[in-house]
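Trainee: First, the structure itself, so that you have it in front of you.
The values are calculated or read from the model by the stated rules, or taken from the named source; none is laboratory data. A quick note: this is a predicted structure, and the numbers were derived from the prediction, not measured. When the accessible area is computed, the model is the full protein with side chains, heavy atoms only, and any ligands, DNA or RNA have been set aside. Shrake-Rupley method; radii C 1.70, N 1.55, O 1.52, S 1.80 Å.
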Amino acid sequence: MSVHKKAEVKKITTHQLQEMKIRGEKIAMLTAYDYSMARIIDHAGIDVILVGDSASNVMAGNETTLPITLDQMIYHASSVVKAVKRALVVVDIPFGYYQGSSGEALRSSIRIMKESGAHAVKLEGGSEVKDSVLRILSAGVPVMGHLGLTPQSIYKFGTYSVRAKEEQEANKLLEDALLLQECGCFGIVLEKIPAELGKKVSLQLRIPTIGIGAGPDTDGQVLVMQDMLGITQEFKPRFLRRYADLNSVITSAVNSYVSDVKAKSFPSTEEKY
Ligand code: KIV
């Protein structure tokens, strides 16, 4: 009797991300918010999928990440999880669901883990969220930090410009990164900070850093998928490399479809029953 075993896909874990940092292998992370796209990028070899609260911007059309709710994040995350075979799936705890107390942070994280099947949560901030980070970790839920430009605080910053250019803010960011590491975070996103600071923080930490606009020396990179695929058009920060122009591809496909329907050339004889 022959036993046919399906080739097993080796899942990415937080421990593997740590090992990747040790051996100098860069970590590739992208956002995704739905089943179809998550399936493609998981199959294409992405290491980490972030169900980011940027869903508020790119999926729901809001100006900021603030309006998205926990229920909406869980909806996106559960769609992504169903598609993923290999990548680690990290979910943002949205604004207003962890800042109140560490108990609220724990309840939100447990809902995300139970209802979506995701593997980890991410939240923004340093010393201000220490108690929440510890409480979530105490329940066995892996936590990723997020420092630098933290979009949930946009109305405090006033702009989306580069953070931690001044020494004082740079020192605070490094202290916060070390604190998050001591608390037990498995990684930290560094958003829109000077490349030198991205390098300094990455060298001082044992845990991996994932940069977005934080230079080439972080342990990994993350981009919003709609931005790197050229679906969004208006957003053009210096750090964004576009790997495709899907806006043009989709527009041209839809133009052709509209023409064919109007010209009565679709469906053809072969395309009917
Ligand atoms: O929500 C998001 O997409 C993010 C990335 C920009 C890191 O937090």
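Trainee: With runs of 4+ DSSP H residues as the only contributors, calculate the mean residue ellipticity of the chain at 222 nm using -39,500 (n - 2.57) per run, divided by the residue total and rounded to the nearest 500.
Mentor: Using -39500 (n - 2.57) per qualifying helix, the result is -12500 deg cm²/dmol.
Trainee: Another question, if that's okay. Rounded, prolate or oblate for the range 166-219? Axes are the square roots of the Cα gyration tensor eigenvalues, ordered a ≥ b ≥ c, and the cut-off for rounded is a/c under 1.5.
Mentor: Verdict is oblate for the range 166-219.
Trainee: Stick to the Cα atoms of the chain, pair each with every other, and give me the Kirkwood hydrodynamic radius in Å at one decimal.
Mentor: That comes to 19.8 Å for the chain.
Trainee: How much of the accessible area of the range 35-150, probe 1.4 Å, is carbon plus sulfur, in whole percent?
Mentor: Heavy-atom surface of the range 35-150 belonging to carbon and sulfur, 1.4 Å probe: 52 percent.
Trainee: Can you give me the accessible area per residue for the chain, using a 1.4 Å probe, in Å²? Intermediate results must be reported in sequence, preceding the final value.
Mentor: Values: 14740 Å² over 273 residues.
Heavy-atom accessible area per residue stands at 54 Å².
Trainee: Right, next: For 245, 219, 131, give the ranking by accessible area with the largest first, probe 1.4 Å.
Mentor: Largest to smallest exposure gives the sequence 131, 245, 219.
Trainee: Would you list, by chain and number, the aspartates and glutamates whose Cα falls below 14 Å from the Cα of residue 10, excluding same-chain residues fewer than 8 positions away?
Mentor: List returned: 42, 47.
Trainee: Let me ask another. Would you report the distance distribution of C-alpha pairs in the range 152-273 as whole percents per 5 angstrom bin, up to the bin with the largest distance?
Mentor: Distribution as computed: 2, 10, 14, 15, 14, 10, 8, 5, 4, 5, 5, 4, 3, 1, 0 percent.
Trainee: If you don't mind, there's one more thing I want to ask. Too long at a 30 Å Cα-Cα cut-off: which of 85/165; 165/236; 156/200; 85/199; 11/122?
Mentor: Cα-Cα > 30 Å for 85/165; 85/199; rest within.
Trainee: Here's a follow-up. What are the residues whose amide H is under 5 Å from the amide H of residue 192, where those residues sit 5 or more places off or on another chain and H is modelled from the backbone?
Mentor: Those qualifying (amide H under 5 Å, at least 5 residues apart or on another chain) are 149, 212, 213, 214.
Trainee: Please work out the C-alpha center-to-center distance from the range 184-261 to the range 100-120 and express it in whole Å.
Mentor: A separation of 26 Å, based on Cα centres.
Trainee: Another question, if that's okay. Using a 1.4 angstrom probe and counting only protein chains, how large is the accessible area of residue 66 in Å², to 10?
Mentor: For residue 66, the solvent-accessible surface is approximately 40 Å².
Trainee: Under the Kirkwood approximation applied to all pairs of distinct alpha-carbon atoms, what is the hydrodynamic radius of the range 186-251 in Å?
Mentor: Working: mean 1/r = 0.0789 Å⁻¹.
It is 12.7 Å.
Trainee: For the range 44-186, what is the convex hull (Cα atoms) projected area averaged across all directions, in square nanometres?
Mentor: Result: 8.8 nm².
Trainee: Express the carbon and sulfur contribution to the solvent-accessible surface of the range 188-265 as a percent, rounded to the nearest whole number, probe 1.4 angstrom. Could the numbers behind the result be given before it?
Mentor: On the way: 2470 of 4400 Å².
It is 56 percent, rounded to a whole number.
Trainee: Give the percent of DSSP beta bridges with both residues in the chain that are antiparallel, rounded to the nearest 5.
Mentor: 0 percent
Trainee: Under 20 Å between alpha carbons, and skipping anything fewer than 8 positions from residue 262 in its own chain: which lysines qualify?
Mentor: The reachable lysines, counting only those whose Cα sits under 20 Å from residue 262, are 272.
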